[in-house]
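Novice: After the structure tokens below, expect a handful of questions from me.
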Amino acid sequence: MPAPVNAFKEALLDGETLYGLWVALGSPFSAELCAGAGYDWILIDGEHGPNDIPGIAAQLQAAAQKPAHPVVRIPIGETWIVKQALDIGAQTLLIPMIETADQAEKMVKACRYPPHGVRGVGAALARASDFGRITDYLHTANREICVLLQIESRAGLANLEAIASTEGVDGVFIGPADLAADMGYLGNPGAPEVVAAVEDAIKRIKVLGKPAGIMSSDPTMIERALALGAGFVAVGSDVGLLSKAASRLLAEVKG
């Protein structure tokens with residue numbers, strides 16, 4: 001029995017436009033609810049959400065029977081956390097703060113079993129292989145892992161072509177918030193200079209034939225990213241939706 005087919009990866013590489021939602025509350029209930037809301041993918045955020053490996057695993061389990069594909073953003077691009085995220089069953093990883101081709105290559109290798117990479121062979125103990133019940137997991141897992149790298153600094157933009165062209169990189173995601181901070185516009189990802197850099201990055205990624213991604217709650221930026229051909233776009237978060245809806249409800253009740 002082979003590893004489960006990664007339908008998100010197939011759709012992304014086929015050029016489909018996939019809409020996502022950030023899940024940052026650290027709650028299996030939120031992950032389950034959002035994964036059933038009609039989005040193509042959800043992002044379980046291990047970088048800024050209050051998440052650890054057991055918490056992420058619980059959210060993967062909660063979302064497993066829902067249509068949206070769970071993408072996991074690990075907190076840092078290190079081999080040890082990649083190993084743990086894959087073993088708990090994540091098939092698609094978003095890896096933040098990538099700035100060089102060397103980092104990109106290291107992350108791809110962390111997601112692959114030898115001889116193509118350095119992923120540790122412990123599948124018999126892992127949820128990823130249904131605890132050893134997926135008998136051909138070791139020989140089929142590599143092709144189903146989707147590696148998405150996040151560029152969110154001027155250094156990353158300077159090396160964008162080398163990063164995106166690294167063999168095994170399936171998509172490149174631009175992070176406007178951190179990019180804005182690095183460019184001197186902390187808290188202002190809508191600054192014209194930042195928007196121009198984001199749009200230029202999407203164009204460059206597309207020229208290289210790789211899917212481009214972005215997360216924004218700004219309708220104008222979302223519309224522009226889609227017009228430029230961004231393939232995977234997150235349009236909000238569970239935190240933002242709950243916060244806005246809670247405030248709006250109170251305002252409506254108070255008249």
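Novice: For the range 220-240, which positions are in contact with a Leu (Cβ under 8 Å, 6 or more places away or on another chain) and either surrounded by fewer than 19 Cβ atoms within 10 Å (Cβ to Cβ) or not in a helix (DSSP H, G or I) (or both)?
Specialist: Gly231, Phe232, Val233, Ala234, Val235, Gly236, Ser237, Val239
Novice: A further question on this structure: Test of understanding: among Asp178, Asp200, which residue is farther than 25 Å from Asn6 by Cβ and in contact with an Asp or Glu (Cβ under 6 Å, 6 or more places away or on another chain)?
Specialist: Unique residue meeting the criteria: Asp178.
Novice: For the range 41-73, which positions are touching a residue at least 40 places away in the same chain (Cβ under 8 Å), open to solvent by 20 Å² or more (accessible area, probe 1.4 Å) and in a loop (DSSP other than H, G, I, E, B)?
Specialist: Matches in the range 41-73: Glu47 only.
Novice: Which is crowded, with 21+ Cβ neighbours inside 10 Å, assigned to a loop (DSSP other than H, G, I, E, B) and at pLDDT 95 or above, of Arg119, Arg112, Arg133?
Specialist: Just a single option satisfies the conditions, and that option is Arg119.
Novice: Please work out if Ser217 is modelled with pLDDT under 95, of a type in the set (Ser, Thr, Tyr) and open to solvent by 30 Å² or more (accessible area, probe 1.4 Å).
Specialist: Numbers: modelled with pLDDT under 95: yes; of a type in the set (Ser, Thr, Tyr): yes; open to solvent by 30 Å² or more (accessible area, probe 1.4 Å): yes.
Yes; evaluated as a whole, the condition is true for this residue.
Novice: A further question follows. Hey, can you tell me all the residues within the range 12-31 that are assigned to a helix (DSSP H, G or I) and crowded, with 21+ Cβ neighbours inside 10 Å? Working first, answer last.
Specialist: First, the residues of the range 12-31 that are assigned to a helix (DSSP H, G or I): 12-13, 28-31.
Leu12, Ser30, Ala31, listed by residue number.
Novice: Working only within the range 200-214, note down all residues that are open to solvent by 40 Å² or more (accessible area, probe 1.4 Å) and part of a helix (DSSP H, G or I).
Specialist: Taking the range 200-214 and keeping what is open to solvent by 40 Å² or more (accessible area, probe 1.4 Å), we get 200, 203-204, 206-210.
Hits for the range 200-214 are Asp200, Lys203, Arg204, Lys206, Val207.
Novice: Then there's this: State yes or no: is Gly36 modelled with pLDDT of 95 or more and either under 21 Å from Val172 (Cβ atoms) or touching a helix residue (DSSP H, G or I) at 6+ places or on another chain (Cβ under 6 Å) (or both)?
Specialist: Answer is no for this residue.
For (1) in contact with a Cys (Cβ under 6 Å, 6 or more places away or on another chain); (2) closer than 20 Å to Arg127 by Cβ; (3) of a type in the set (Asp, Glu); (4) at pLDDT 95 or above, each residue gets a yes or a no:
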| residue | (1), (2), (3), (4) |
| --- | --- |
| Leu13 | no, no, no, yes |
| Glu16 | no, no, yes, yes |
| Gly20 | no, no, no, yes |
| Ala24 | no, no, no, yes |
| His48 | no, no, no, yes |
| Pro54 | no, yes, no, yes |
| Gln61 | no, yes, no, yes |
| Ile81 | no, yes, no, yes |
| Ala90 | no, yes, no, yes |
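Novice: Sticking with this structure for a sec: Could you give every pair whose Cβ atoms fall below 6 Å, whose first residue belongs to the range 126-143 and is in contact (Cβ under 8 Å) with a residue 24 or more places away in the chain, and whose second residue is open to solvent by 30 Å² or more (accessible area, probe 1.4 Å) and of a type in the set (A, V, I, L, M), counting only separations of at least 6 or pairs across chains?
Specialist: Matching pairs, first to second residue: Ile134/Met1; Thr135/Met1; Asp136/Met1.
Novice: Still on this structure, I have one more. Tell me which residues, restricted to the range 203-216, are in contact with a helix residue (DSSP H, G or I) (Cβ under 6 Å, 6 or more places away or on another chain) and among the small types (Gly, Ala, Ser). Can you show your working first?
Specialist: Looking only at the range 203-216, we keep the residues that are in contact with a helix residue (DSSP H, G or I) (Cβ under 6 Å, 6 or more places away or on another chain), and these are 204-205, 208, 210-212, 214, 216.
Ala212, Ser216, listed by residue number.
The values are calculated or read from the model by the stated rules, or taken from the named source; none is laboratory data. The structure displayed is predicted, hence computed values, not measured ones. Virtual Cβ from ideal backbone geometry, glycine too; neighbours counted across all protein chains shown. What goes into the accessible areas is simple: the full protein's heavy atoms, side chains included, and nothing from ligands, DNA or RNA. Shrake-Rupley method; radii C 1.70, N 1.55, O 1.52, S 1.80 Å.
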